[in-house]
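The values are calculated or read from the model by the stated rules, or taken from the named source; none is laboratory data. These numbers were taken from a predicted model, which means no experiment stands behind them. When we count neighbours, we look across all protein chains shown, and the Cβ atoms used for this are built from the backbone with ideal geometry, even at glycine. SASA here: full protein model, heavy atoms, side chains in, ligands and nucleic acids out. Shrake-Rupley method; radii C 1.70, N 1.55, O 1.52, S 1.80 Å.
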Amino acid sequence: AQRVTQPEKLLSVFKGAPVELKCNYSYSGSPELFWYVQYSRQRLQLLLRHISRESIKGFTADLNKGETSFHLKKPFAQEEDSAMYYCALSISGSGTYKYIFGTGTRLKVLA
Amino acid sequence: GAVVSQHPSRVICKSGTSVKIECRSLDFQATTMFWYRQFPKQSLMLMATSNEGSKATYEQGVEKDKFLINHASLTLSTLTVTSAHPEDSSFYICSAGRKEGGRSDTQYFGPGTRLTVL
């Protein structure tokens, strides 16, 4: 069965500390993974796509097919990074696709 | 770029009435749009996939006669909650897919619509 697991509901770190938000997936096909962020009272915004291999706002994520993971990392957390983070897996079939979202991790960056 | 709007942002209606929510991609064309429901402090639950010019595909457990979806153009999809009841009160979010490489489109999300059924 297709599944996305974000094991931490809440992650609190101090400003300047490294951050790692965990995401594991289960999918028999070739995965496409995304990270979305939702700041307080705002819409979901795309943060990263694994196929782009980009770094946005200092965040990076590497797809590890062996460990079926797509963890989100940032070396030095900032207070403005406090938000809800969702990992999403795109699954496709019969010419269509859809996302499966993890349950999300709330990141709190403390001053 | 990749802006998605939703209207209305908030609606209150009486039990038994119908409510229509619009989702528009403002600066790109979206062959596929999606409708989600989000309960407080929970993740997004996909309700249906809306394809331009064809019938929507509903997820298991979602009543297609209750949640009518129309995708009349490449920039507009509508969700109509028919005969709404208090248990339909929720936060409804749409997204639109934009081609950016890869097998699947990248989804861009609207701001959501808060529906309250009295």
> Amide H to amide H under 5 Å from A:G104: which residues, 5+ apart in sequence or cross-chain, H placed 1.01 Å off N in plane?
Replying inline: A:Q6, A:C87
> Using modelled amide H (1.01 Å from N, peptide plane; none on Pro or chain starts), what sits under 5 Å from the amide H of B:C94, excluding residues fewer than 5 places away?
Replying inline: B:Y36, B:G110, B:G112
>> Considering just Cα atoms, how many Å³ per residue does the convex hull of the range B:30-83 enclose?
In response: 87 Å³
>> Strictly under 4.7 angstrom between C-beta atoms: which cysteines of the protein assembly as shown have no such partner?
In response: B:C13
>> Kirkwood hydrodynamic radius, computed over distinct alpha-carbon pairs, for chain B: how many Å, to one decimal?
In response: 14.2 Å
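Please compute the contact order of the range B:4-118 in relative form: average sequence separation of alpha-carbon pairs under 8 Å and at least six residues apart, divided by the residue count, as a percent. Don't skip to the answer; put the middle values down first.
Numbers: 280 pairs, mean separation 41.5, N = 115.
Here the relative contact order equals 36 percent.
Using the alpha carbons of the range B:1-66, what is the convex hull volume per residue in cubic angstrom, as a whole number? Mind showing how you got there, number by number?
Numbers: hull volume 8.6 nm³, N = 66.
Spelled out: Cα convex hull of the range B:1-66, divided by residues, is 130 Å³.
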> Amide H to amide H under 5 Å from B:I21: which residues, 5+ apart in sequence or cross-chain, H placed 1.01 Å off N in plane?
Replying inline: B:L79, B:T80, B:V81
>> Checking the table B:K41/B:K66; A:K74/A:K108; B:K20/B:K99; A:K108/B:K99; A:K74/B:K99 against a 21 Å threshold on Cα-Cα, which pairs fail?
In response: B:K41/B:K66; B:K20/B:K99; A:K108/B:K99; A:K74/B:K99
> Quick one: if you stick a label point 7 Å off each Cα along the C-beta vector at A:K15 and B:N70, how many nm between them?
Replying inline: 5.2 nm
> At A:D62 and B:L118, where each label point lies 7 Å from the Cα along Cα→Cβ, what is the point-to-point distance in nanometres?
Replying inline: 5.7 nm
> Which value, in debye to the nearest 20, describes the size of the charge dipole of chain A about its Cα centre when Lys and Arg Cβ atoms bear +1, Asp and Glu Cβ atoms bear -1, and nothing else is charged?
Replying inline: 220 debye
>> Please list 3J(HN,Hα) in residue order for the range B:53-70, calculated via the Karplus relation 6.51 cos²θ - 1.76 cosθ + 1.60 where θ = phi - 60°; whole Hz, with x for glycine and proline.
In response: x, 9, 6, 6, 9, 9, 6, 4, x, 9, 7, 6, 7, 8, 10, 8, 10, 10
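Kindly report the accessible area of the range A:38-111 per residue (heavy atoms of protein chains, probe 1.4 Å, no ligands, DNA or RNA), in Å². Can you show the working numbers first?
On the way: 3770 Å² over 74 residues.
Here the residues of the range A:38-111 average 51 Å² of exposed surface.
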>> 7 Å from Cα along Cα→Cβ at both B:E63 and A:R3: what's the point-to-point distance in nm?
In response: 3.0 nm
> Efficiency by 1/(1 + (r/R0)^6): what FRET value for B:R103 and B:D27, r their Cβ-Cβ distance, R0 = 41 Å, to the nearest 0.05?
Replying inline: 0.95
